[in-house]
1. Give just the number: which of (1) touching a residue at least 24 places away in the same chain (Cβ under 8 Å); (2) hydrophobic (A, V, I, L, M, F, W, C); (3) farther than 16 Å from GLU230 by Cα does LEU29 not satisfy?
2. Could you check how many residues of region 372-389 are surrounded by fewer than 24 Cβ atoms within 10 Å (Cβ to Cβ) and out of contact with any His (no Cβ under 9 Å at 6 or more places or on another chain)?
3. Please go through region 29-55 and pick out each residue that is acidic (Asp, Glu) and closer than 12 Å to TYR67 by Cβ.
4. Check region 119-126 and report whether any residue there is under 21 Å from the mean Cα position of the chain (by Cα) and farther than 23 Å from GLN312 by Cβ.
5. Mind listing just one residue for me: the one in region 78-103 that is in a helix (DSSP H, G or I) and among the hydroxyl-bearing types (Ser, Thr, Tyr) and, of those, nearest to the ligand (Cβ to nearest atom)?
6. On the basis of being out of contact with any Ser or Thr (no Cβ under 6 Å at 6 or more places or on another chain), at positive phi and away from the ligand (no atom under 11 Å from the Cβ), does GLY62 make the cut?
7. Name every residue in region 171-208 that is closer than 15 Å to ARG107 by Cα and of a type in the set (D, E, K, R), in order of residue number.
8. Give me the pairs: first residue in region 151-167 and within 8 Å of the ligand (Cβ to nearest atom), second residue β-branched (Val, Ile, Thr) and in a loop (DSSP other than H, G, I, E, B), beta-carbon distance under 9 Å, and six or more apart or on different chains, which are they?
Amino acid sequence: MTDKFYIKGGTPLKGEVKIGGAKNSVLKLMAAALLAKGKTKIHNVPDLTDVEIMLNVIAELGAKTSYDKSEKSVTIDATDITDITAKYELVSKMRASFIVLGALVSRCKEAIVALPGGCAIGERRVDFHIRGLEALGAKIKIENGYVHAKANRLAGTDIYLDIPSVGATENLMLAAVLAEGSTRIQNAAQEPEIVDLANFLNSMGADINGAGTSEIVINGVKQSDLHPIEYTTIPDRIEAGTFMTAIIATRGKGIIRNVFPAHLTFFTDKLLKMGANIKLIEPNSLEVSCKNRLNSINFITQPYPGFPTDLQSMAMTLLTTANGVGIITESLYENRFMQVPELRRMGADIHQDRNHAIIKGVKKLTGTTLAASDLRAGASLVVAALMAEGNSVIENLHHIDRGYENFETKLRLLGGRIERKDDTLPANLTEDTHNESYL
Ligand code: EPU
């Protein structure tokens, strides 16, 4: 596919947008569904390529899967698991599928899962996942690019994570659900997606306490204690933060529905400090607006509840035209400033020194052709194009489609002038339609 976004910037976004289910939660819930025999149904599942990949991974293990797109629900019948291998062809497409390792070790006491390797934004090692599984009693061999984990018996233990890794916390929670005795994960990740996974597993019959704090205790239960469930995932806090940014960047005014504001406290606080207006108008709805030029701020990305790395690029877009100088320190990933060269091409004044970015606000950005390098950098370029003067074209949309459901449709409902077009159309047609009247 050679789809591109054609965007005409400068229109304030106005209206309402409804946030979908959390990608980074749903993918893990789908793996967790493998633990219980029978049919588990997950609601509020966004239609994303990452969800499709996870469904394929799970289907290859022998579970029966279906996705009802109109109902936004996924059904996973994990009565029979007939294969314990997650192949490189799928894991390399989406590293989050590495989560089936913990689920398979738990349910089948054996798993062969491809190592995901690095990705564009950083090295993204999985050593904590492996060390934790070993501590639980699994024998691990790494051969030919695969992790082979085998355990005659998993026994609860204390595990200390060097960094509160989201993926390691999730993999180890899954592995410990059916271990004998209690497992204590210390320095655990505290993200809302961890709490969602614990709630999901507990409704299934697991016994997990402390999710959402730095110490999670998983008291092992028996396979026969677990049963399939129906469960609705939490809203996507990063999608919500992205739309908040887009409204503020374009000096618009809009309502974000189906958001859990408590999941965005740190981000919201920074937006308020920049001069945006954010009001809670209902328990799950925020009204967001901005009239004036924003003020610059400094921030460091941190594990939850700190400033989310997944919204770093959005905040950088806001800083490009804010009053003064802002400094961002990216502390989670080695290479998460890939939007910087593209923003510079739009006129931004950004100096980057390793994991620090110094952004001197300019009066305006101007539109141009931009390439998305990964999911969040790509989304931030869409926001930048919406706030810029003139026209932009955004390429490599497959990155954005991994994590934003109907992105352009939702932006258009807010009045954004954005179209998706297949670039294999004759060039003259593309040029003809990329003009004022078309957008
Ligand atoms: N790390 C290690 N060893 C490990 C595990 C992690 O060194 O065994 C390092 C990583 O290299 C990274 C840091 O620890 O530098 C944090 O990684 P973490 O494990 O917390 O991240 P993740 O589970 O791989 C999830 C999200 C990311 C999000 C991070 C941090 C999913 C599918 N992905 O990744 O989301 O950035 O947590 O909040 O849940 C995105 O949605 O765009 C995205 C990248």
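1. With respect to (1) touching a residue at least 24 places away in the same chain (Cβ under 8 Å); (2) hydrophobic (A, V, I, L, M, F, W, C); (3) farther than 16 Å from GLU230 by Cα, LEU29 is out only on (3).
2. So the answer is 1.
3. Step one: of region 29-55, the residues acidic (Asp, Glu) are 47, 50, 52.
Passing the criteria: ASP47, GLU52.
4. We begin by selecting, within region 119-126, every residue under 21 Å from the mean Cα position of the chain (by Cα); these are 119-126.
Those still in the list that are farther than 23 Å from GLN312 by Cβ too: none.
Among the residues of region 119-126, not one is under 21 Å from the mean Cα position of the chain (by Cα) and farther than 23 Å from GLN312 by Cβ, which makes the answer no.
5. Ranking the candidates gives SER97 first.
6. Numbers: out of contact with any Ser or Thr (no Cβ under 6 Å at 6 or more places or on another chain): no; at positive phi: yes; away from the ligand (no atom under 11 Å from the Cβ): yes.
For GLY62, the condition - out of contact with any Ser or Thr (no Cβ under 6 Å at 6 or more places or on another chain), at positive phi and away from the ligand (no atom under 11 Å from the Cβ) - is not met.
7. Going residue by residue through region 171-208, those that are closer than 15 Å to ARG107 by Cα are 171-180, 201, 204-206.
Result: GLU180, single match.
8. So the pair list comes out as SER165/VAL126; GLY167/VAL126.
The values are calculated or read from the model by the stated rules, or taken from the named source; none is laboratory data. Computed from a predicted structure; not experimentally measured. Neighbour counts are summed over all protein chains in view; Cβ atoms, including those assigned to glycine, are modelled from backbone coordinates with ideal geometry.
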